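Take a look at the structure set out below.
The values are calculated or read from the model by the stated rules, or taken from the named source; none is laboratory data. Quick caveat, the model's predicted, so the values are computed rather than measured. With ideal geometry, Cβ positions are generated from the backbone for all residues, glycine too; neighbour counts draw on all protein chains shown. Side chains included, ligands, DNA and RNA excluded: accessible areas come from the protein's heavy atoms. Shrake-Rupley method; radii C 1.70, N 1.55, O 1.52, S 1.80 Å.
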Amino acid sequence: MSTQSWRETADSLAYMSRDLLAQQSVEHTLERLVQHARDLVDGCEHAGILLVHRHQRVETPAATSDLVVESDRLQGELGEGPCFDAVFHNQSVYRLVDLNQRVTSWPRYAPEARKLGIASMMGLQLYTAAETYAALDLYSSQPQAFTEHAEHVGWLLSSHAAVAVAATRPHGQRHPALQEQPDTAES
């Protein structure tokens, strides 16, 4: 998608919000979300949802391609990466501008991502109430694909999406990965 005016972007996000709210399950909502992300965020070629469970077990419940699933697997295996960090740190967006340059933030993940053909990416927190459940991952094979405008659109999209995911089902019927887990002490 080429850069839209803010009015066109607002119209697209309003349509997306209605579409996400019309879905009958969390799974369908997440599948539609990643399709909308790929279509609405300038530079986005691949999109997915990264969920991190206890003990940092990673799941990808929705992805537009196998590249996303492999990138999520790597981030979970290595315990680092922009999408992985978006789940754990209090920052709305992590943007990697050019993976062809030296990346100091994620020294083990970055070279592996380059091998997958990823040149730039963003990880955006998904919120429900005050809690972070997941990250929206956006990928491009082009360096510097994600501009400041794309970052803002991605952040708006992820904010709308979190509301839609929360509204999809009552709390007790949410996707297991999106349910709050009781804290238990290990012996």
Task: Scope region 2-51; condition more than 23 Å from L116 (Cα to Cα), open to solvent by 50 Å² or more (accessible area, probe 1.4 Å) and outside any helix (DSSP H, G or I); matching residues - done: S2, T3, S5, A22, Q24
Open item on the list: For the structure I just gave you, tell me whether D72 is closer than 27 Å to W6 by Cα, at pLDDT 90 or above and not in a strand (DSSP E or B).
Closed with: no
Task: Residues satisfying the stated conditions in region 74-105, i.e. among the acidic types (D, E) and under 18 Å from S141 (Cβ atoms) - done: D98
Task: Tally of residues being surrounded by fewer than 17 Cβ atoms within 10 Å (Cβ to Cβ), acidic (D, E) and modelled with pLDDT of 55 or more across region 146-187 - done: 1
Open item on the list: Which condition from (1) open to solvent by 30 Å² or more (accessible area, probe 1.4 Å); (2) touching a His at 6+ places or on another chain (Cβ under 9 Å); (3) not basic (K, R) is the one that F88 breaks?
Closed with: (2)
Open item on the list: Pairs needed: first member in region 12-38, among the charged types (D, E, K, R); second member anywhere, not in a helix (DSSP H, G or I); C-beta distance under 6 Å; at least 6 residues apart or different chains.
Closed with: E31/A62; R32/Q23; R38/C44; R38/A47; R38/T64
TODO: Give just the number: which of (1) crowded, with 21+ Cβ neighbours inside 10 Å; (2) assigned to a strand (DSSP E or B) does P61 not satisfy?
DONE: (1)
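Within region 129-145, track down each residue that is modelled with pLDDT of 90 or more and under 22 Å from V69 (Cβ atoms).
L136, D137, L138, Y139, S140, S141, Q142, A145, listed by residue number.
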Task: Test set (1) in contact (Cβ under 8 Å) with a residue 24 or more places away in the chain; (2) surrounded by fewer than 21 Cβ atoms within 10 Å (Cβ to Cβ); (3) among the acidic types (D, E) - D66 fails condition number - done: (1)
